[in-house]
Amino acid sequence: HAGTRWSRVVLAAIAAYLHRLTGTRDIVLGLAVTAREGDTELATPGMASNVLPLRLSVRPDTGPDHLVRQAQVATRDLLAHQRYRGEDLRRELDWPQGGRRFFGPVVNIMAFGTELRFAGHATTRHNLSTGPVEDLAVNVYDRADRHGIRVDLDAGPAHYTDAELTAHHRRFVRYLGQFAAAATGPGTPVG
C-alpha cells in the first residue's frame with residue numbers, strides 16, 4: 001500500500017487472518033511497543049517495552065486497503081500512548097476477570113538496522129526468545145538483509161500442538177503474501 005509502513009500491512013493481515021479463522025469482527029491484538037519516544041530514549045540501553053491493545057474492526061466485506069488504512073490510524077493512535085503501562089490499564093479496567101485475556105495474540109514487529117559488524121567482520125544474529133507466551137505470539141523480523149521479512153509463531157504448549165502451530169505458520173505466510181498483493185487496491189474482501 002503506497003506510503004504505508006510494511007508493519008501496518010502485516011498488522012492488517014494478522015487481523016484479517018484471525019477474522020477468517022474465527023469470524024470475529026472485533027480483533028484486539030497485543031502490540032509490543034518500545035515505550036521510547038525520543039532519540040535519547042531510543043539510544044539509552046535498558047528495558048522499557050510495553051504491550052498495549054490494538055483494536056481493529058474487520059467485517060467479511062472489508063477490503064484489504066481499508067484494513068491497512070485502519071491499522072495505520074489505530075497504530076498511530078496507540079503509539080501516542082505507548083508509555084501508558086499495560087498493567088495500569090488492566091488495573092484501571094479491573095480486567096481481565098474470569099480468566100479472560102486482555103487481548104488476543106501478541107504481535108512483535110522488529111526492524112533491525114543495517115548489518116552488525118565487529119572490527120569489519122560480519123555477524124549472524126539469532127533471536128533466542130521474545131519472552132513468555134501466554135497464548136500465541138507472532139514475531140515478525142526485518143533484518144535489513146534484502147531477504148524480506150521473517151515470520152515466527154510462538155505458542156503456549158497448552159493451547160497449540162507443534163503440528164497446529166506449523167500449519168498456522170504455513171497458512172499465515174501464504175495469506176500474508178496474498179494480502180500484501182491485494183492491499184494496493186480494494187482487492188478481494190478479507191472474508
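Key figures
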read-out	value
Per-residue SASA entry for Ile149, accessible area with 1.4 Å probe, Å² rounded to 10	70
FRET efficiency, 1/(1 + (r/R0)^6) with R0 25 Å, evaluated for Ala163 and Leu116 via beta carbons	0.10
Length gained when the stretch Leu89-His147 is fully extended (0.36 nm per residue, less Cα-Cα span)	17.1 nm
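The values are calculated or read from the model by the stated rules, or taken from the named source; none is laboratory data. Every value quoted in this text rests on a predicted model; they were computed, and no experiment measured them. Virtual Cβ from ideal backbone geometry, glycine too; neighbours counted across all protein chains shown. Keep in mind that these areas ignore ligands, DNA and RNA; they rest on the heavy atoms of the full protein, side chains included. Shrake-Rupley method; radii C 1.70, N 1.55, O 1.52, S 1.80 Å.
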